[in-house]
1. Using beta carbons and a limit of 8 Å, which pairs, at least six apart or on different chains, have the first residue in segment 268-279 and assigned by TED's automatic domain parsing to the domain that holds Leu225 and the second one part of a helix (DSSP H, G or I) and at pLDDT below 80?
2. When you go through (1) in a loop (DSSP other than H, G, I, E, B); (2) at pLDDT below 90 one by one for Ser441, which number turns out not to apply?
3. Please go through segment 410-419 and pick out each residue that is touching a residue at least 40 places away in the same chain (Cβ under 8 Å) and not in a strand (DSSP E or B).
4. Considering every residue within segment 13-20, establish whether at least one is of a type in the set (Val, Ile, Thr) and either within 24 Å of Ser441 (Cβ to Cβ) or surrounded by fewer than 19 Cβ atoms within 10 Å (Cβ to Cβ) (or both).
5. What are the pairs, 6+ residues apart or on separate chains, where a residue within segment 81-99 that is touching a residue at least 12 places away in the same chain (Cβ under 8 Å) and outside the structural domain of Asn428 (by TED's automatic domain parsing) has its Cβ under 7 Å from a residue that is acidic (Asp, Glu) and part of a helix (DSSP H, G or I)?
6. Considering each residue of segment 354-363, count those that are crowded, with 16+ Cβ neighbours inside 10 Å and either of a type in the set (S, T, N, Q) or within 12 Å of Ile377 (Cα to Cα) (or both), and give that number.
7. For Asn288, indicate whether it is under 30 Å from Gln65 (Cα atoms) and either in a loop (DSSP other than H, G, I, E, B) or modelled with pLDDT of 90 or more (or both).
8. Taking the conditions exactly as written (touching a residue at least 12 places away in the same chain (Cβ under 8 Å), out of contact with any helix residue (DSSP H, G or I) (no Cβ under 7 Å at 6 or more places or on another chain), in the same structural domain as Gly375 (by TED's automatic domain parsing) and aromatic (Phe, Trp, Tyr)), does Phe440 satisfy them or not?
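The values are calculated or read from the model by the stated rules, or taken from the named source; none is laboratory data. For clarity, every value in this text was computed on a predicted model and none was experimentally measured. Here the Cβ positions follow ideal geometry from the backbone for every residue, glycine too, while neighbour counts run over all protein chains shown.
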Amino acid sequence: MNEQNFNDFLKKAEEISSFIKEEASKNSKFIVVTHFDADGLASGGIICKALLRLNAFFHLRIVEQLNEDVLLKISKINGDVTIFSEIGSGYLSLIKNFFEGKKIVVMDHHQIEPNVEINFPHLNPHNYGFDGGKEISGSGVTYFVAKALNEKNVDLSPLAIVGALGDVQDKNPQRALKGLNEKIVKEAEEAGFLKSEIDVILHGRKTKPIHKALAYSTNPFLPGLTGEEDKCVALLSSIGISLKKGDEWTKLSDLSMEEKQKLLTKIIEYLSSRGFSGNIVLNLIGVNYEILTESKDCPLRDAREYASILNACGRMGKSGLGIALCLGDRENALNKAQQLISEYKQLLAKHINWIIQFPEKIQEFESFYVIRGEGTIDEKMTGAISTMLSSSTMFKPDKAVLVSALSGKENIKLSARAGLKFAEKKVNLGATLKICAEKFSGLGGGHEAAAGAYIPKDKIEDFLKSLDEEILKALKNEG
């Protein structure tokens, strides 16, 4: 890691924190705009907590995307300073147009819209040689600003870890976080807020009955087991793992090392018997991040589980619930969120099983697959589904995976994710989707390996052909 670049990044974070502090001292009212996914909610939680500690007034707006309509509405909200958190870098020219003469700050990790001169503070890791798709998430960027505001805000470091995991930035050996994320992990561990250990990675490994934990696995998605509790019960019984120990449900954390190995071997056999690669199980072993400030029986103690819960809140239209959790509500909000995660996981499994059941909904191009979910898949679910599919063994790993859904009456939303081998090819999905979307009067952007676009419905077929051509051209140049 280039320490000089990191110091320059921190210097910019300090400049932004000084600006926020000065505005707060003048009793300015802040408008905070954040994204609805797990990283956006964690980022919004961090900046809102930091503003609360400054006794600042703020109004929070959670959005699914930035476009002219959304920005027009935000620009009309009565406030003195608008903070864009985990969103904005790909829309600098639009922001500049709608907020001319107003005080704004952009803190984001997405790829930056090129060739736009701006006159407002903008913190983005890409400006300092760090990859915002792999090395630091939006909540990590916001965390460094919060820490510059007050050293005590180091207690918000676990939220930055949650955001990075929600953004699937753990695609490294042993699913560990790397780059600037690793710096945040170390700060959180040194301050006594976090513990990391290698173990089986399953949602609810310490809090849920093992058959439910297995059925809840979405990253990786386990075909035939995810969303199928009865099949999970049968699999556990076949290797002699009882569902209860006395009156207590058996949890993954109750198993011996030998039992865990037996379980993983059985899952490999099960997947192979259904025609899927057993290699997917390698994604079930790695670094778990435990938040020590959460009680031992709280599902938020496992940072990945926390991220899943935030994702569920955003995707199921309950973003405010996610923010309440980030701000510390451990009673009412947590009870509601636990119910929501169950519905969310079932919905995800239902969508994946629908894709398996109706293979004709899968269009294969030379460089990607697109799951045509218009009329079936909710637009809020496209990102989660494409993430799951790209990390599964259902498709060739050297292609990207796109999921489409209707967005309103006129547009189609697409979420794109790089397959594991496609990601090695250095094709920039965010930049490619942006170029192609703009050709067809749409909007696009994101990261190198994870991106999205909104395309007019009547132009979708031409857009997909054009996207395939652009990616193939990029692959040829790379080759």
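1. Matching pairs, first to second residue: Ile268/Gly278; Glu269/Gly278; Leu271/Gly278; Leu271/Ile280; Ser272/Gly278.
2. For Ser441, the exception is condition (2).
3. Across segment 410-419, the qualifying residue is only Glu410.
4. Scanning segment 13-20, I find no residue that is of a type in the set (Val, Ile, Thr) and either within 24 Å of Ser441 (Cβ to Cβ) or surrounded by fewer than 19 Cβ atoms within 10 Å (Cβ to Cβ) (or both), so the answer is no.
5. Qualifying pairs under 7 Å: Val81/Glu23; Glu86/Asp39; Leu94/Glu68.
6. Number satisfying all stated conditions: 2.
7. No; evaluated as a whole, the condition is false for this residue.
8. Here the answer is no, as Phe440 does not meet what is asked.
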